[in-house]
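Asks: So that we are looking at the same thing, I have put the structure below in structure tokens.
The values are calculated or read from the model by the stated rules, or taken from the named source; none is laboratory data. Note that the structure is a prediction, hence the values are computed from the model and not measured. Note that each Cβ is placed from the backbone with ideal geometry, even for glycine, and that neighbours are counted across all protein chains shown. Quick note on the areas: whole protein, heavy atoms, side chains included, nothing else; ligands and nucleic acids left out. Shrake-Rupley method; radii C 1.70, N 1.55, O 1.52, S 1.80 Å.
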Amino acid sequence: MSAPVKAAPHCWPARFAGAVVLLALATAPVAASAEDVKLSAEQARNLGVRVAHPVSSRTDRTLPYPAQIVIPTPQLWVVSAPVSGMVTNLAVARGDRVTIGQPLLTLESPSYVSLQRDYLHAVAQEILAAQQLKRNADLFEGKAVPQRVLESSQAEARQASILAAERRQMLHLSGLSDDAIARLTNEAAISATLTVNAPQAASVVEIAVSPGQRLEQAAPLVKLARLSPLWAEIAIPATSIGAIKTGATVDIDGYATPGRVILVSETTDAATQTILVRAEFPNNGDLHSGQTAAARIGFISAGESAWEIPYSGLVRRGEQTSIFVAIDGGFRQVPVKLLAEDQDHVVVSGPITDKDEVAIGGISALRGIVSRFGQ
């Protein structure tokens, strides 16, 4: 948050209320034009008008908004149990970095034994069907068997080959590599334990099991994530979203590397009246998923002058926003564009400078005068 806005040296404190304000509204002030309200210094004091100078907003950035650092969903992997069984040991811990193919844990599984047995049986049947097909093909050449016998052998060999391929894919899904399957085929050495390996180079963000735990097939085991880049998810008030566009620069307080807006949601949260803005940041290790931070977003135009004033100085009328700027003998209502807001301050752009004095107190009285004269 920028430094608090300081009131101008000649502020007019509120001294009167109720009947005094009504009397002032009913007698002295007049509207000189469609934008100007004529007030003497005494009338302004009676109306409780206070003024402050606008403060230039830092580097055309919004006020700080709370941001949640999250892991991009395409960079998350959940490693599940390929077969039912019992966890015998864990090879990693939360926070570890793993390489592709690195062992994560070991399962002891009767189902895995059955998969290997079924595969070896299918391979044996495939070999037998291929041998039978070769014999019948030779006999057919010698006219010793009819053609239907040859065609039957061809169909049986085809079915045996498909079954063997299916069993091989089941072993692949269990995590066995081609080399491991080749060794199983050649040596027929069935194992009761299965090592589950990392599918990607990543960091371990969650371990869902413990040694000795029995699991069903597809039960989650380990959650892995790639931690660069990361996302910052920012809730922006719907009234301020017009100044924010995809590609805008985003700064996180305390983090040197800026990010970029990659999404401005098209929907509004009905409960909070905020819109999700998502920014992507390269991560050198200083950002951590789950942390909260303060984020400032670049405006739609870097060349646009941006000014910070107290929230009380903003005048709303539907989607239009304006401020009252002091002029000789009164105040002028000046349209501005709202760029950012929080509970205490707003950032606006418009034809003002830091030399101007903006009304931040007595706004209701000034609006009443404007309304009285049909503005």
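Asks: At 7 Å along Cα-to-Cβ for each site, give me the label-to-label distance between Ala219 and Ala124 in nm.
Replies: 3.2 nm
Asks: Could you calculate the contour length gain from Val149 to Arg317, that is, 0.36 nm times the residue separation minus the distance between their Cα atoms, to one decimal place in nm? Provide the component values of the computation, followed by the final result.
Replies: Numbers: separation 168, 0.36 × 168 = 60.48 nm, distance 9.02 nm.
Once the chain is fully extended between Val149 and Arg317, it gains 51.5 nm.
Asks: Amide H of Gly362 versus every other amide H placed in the peptide plane: which residues, excluding those fewer than 5 positions away on the same chain, fall under 5 Å?
Replies: Counting only residues 5 or more places away or on other chains, the set is Arg50.
Asks: Okay, next question. Tell me the per residue accessible area of the range 292-357 using a 1.4 Å probe; a whole number in Å² is fine. If you can, show how the numbers build up before the last one.
Replies: Details: 3020 Å² over 66 residues.
Per-residue value: 46 Å².
Asks: With θ taken as phi - 60° and the coefficients 6.51, -1.76 and 1.60, list the Karplus ³J(HN,Hα) couplings across the range 272-279 in order, rounded to whole Hz; mark glycine and proline as x.
Replies: Ordered by residue, 3J(HN,Hα) equals 10, 6, 10, 10, 6, 10, 10, 10 Hz.
Asks: While we're looking at this one, here's another question. Before anything else, pin down the relative contact order of the range 77-212: Cα pairs under 8 Å, at least 6 apart, normalised by residue count, whole percent.
Replies: On the way: 178 pairs, mean separation 64.5, N = 136.
Across the range 77-212, relative contact order equals 47 percent.
Asks: Just checking my list (i) 1.35; (ii) 1.04; (iii) 0.98 against Rg/Rh (Cα atoms, Kirkwood Rh) computed from this structure; which label fits?
Replies: The calculated read-out lines up with (i).
Asks: Across the range 209-221, in residue order, what do the Karplus-derived ³J(HN,Hα) couplings come to in whole Hz, using 6.51 cos²θ - 1.76 cosθ + 1.60 with θ = phi - 60° and x for Gly and Pro?
Replies: 10, 9, x, x, 7, 8, 10, 8, 4, 6, 5, x, 10
Asks: Express the carbon and sulfur contribution to the solvent-accessible surface of the chain as a percent, rounded to the nearest whole number, probe 1.4 angstrom.
Replies: Numbers: 10390 of 19710 Å².
The C+S portion of the solvent-accessible surface of the chain is 53 percent.
Asks: Could you calculate the contour length gain from Ala91 to Ile190, that is, 0.36 nm times the residue separation minus the distance between their Cα atoms, to one decimal place in nm? Walk me through the numbers before you get to the answer.
Replies: On the way: separation 99, 0.36 × 99 = 35.64 nm, distance 2.26 nm.
Roughly 33.4 nm would be gained on extension.
Asks: Taking the chain as a Gaussian network, Cα atoms linked when under 10 Å apart, which of Asp179, Asp96, Asp253 shows the biggest mean-square fluctuation?
Replies: Evaluated over the chain, the most mobile residue of the options is Asp179.
Asks: Moving on. Run the helix sum for the chain: -39,500 (n - 2.57) per DSSP H stretch of 4+ residues, divided by residue count, reported at 222 nm to the nearest 500 deg cm²/dmol. Walk me through the intermediate numbers first.
Replies: On the way: 6 runs with 93 residues, N = 375.
Mean residue ellipticity at 222 nm (helix-derived): -8000 deg cm²/dmol.
Asks: Okay, next question. Rolling a 1.4 Å sphere over the protein heavy atoms, what is the accessible area per residue of the range 132-259, to the nearest Å²?
Replies: Counting only protein heavy atoms, the per-residue value for the range 132-259 is 56 Å².
Asks: Here's a follow-up. In whole Hz, what ³J(HN,Hα) sequence does the range 327-339 give by Karplus (6.51, -1.76, 1.60; θ = phi - 60°), x for Gly and Pro?
Replies: Each residue's phi maps through the Karplus curve to give 10, 4, x, x, 9, 10, 7, 10, x, 9, 9, 7, 9 Hz.
Asks: For Lys223, list the aspartates and glutamates whose Cα falls under 16 Å from its own Cα; do not include residues on the same chain fewer than 8 positions away.
Replies: Asp96, Glu206
Asks: With every protein chain left in place, what is the accessible area of Ser109 in Å² (1.4 Å probe, nearest 10)?
Replies: Accessible area of Ser109: about 0 Å².
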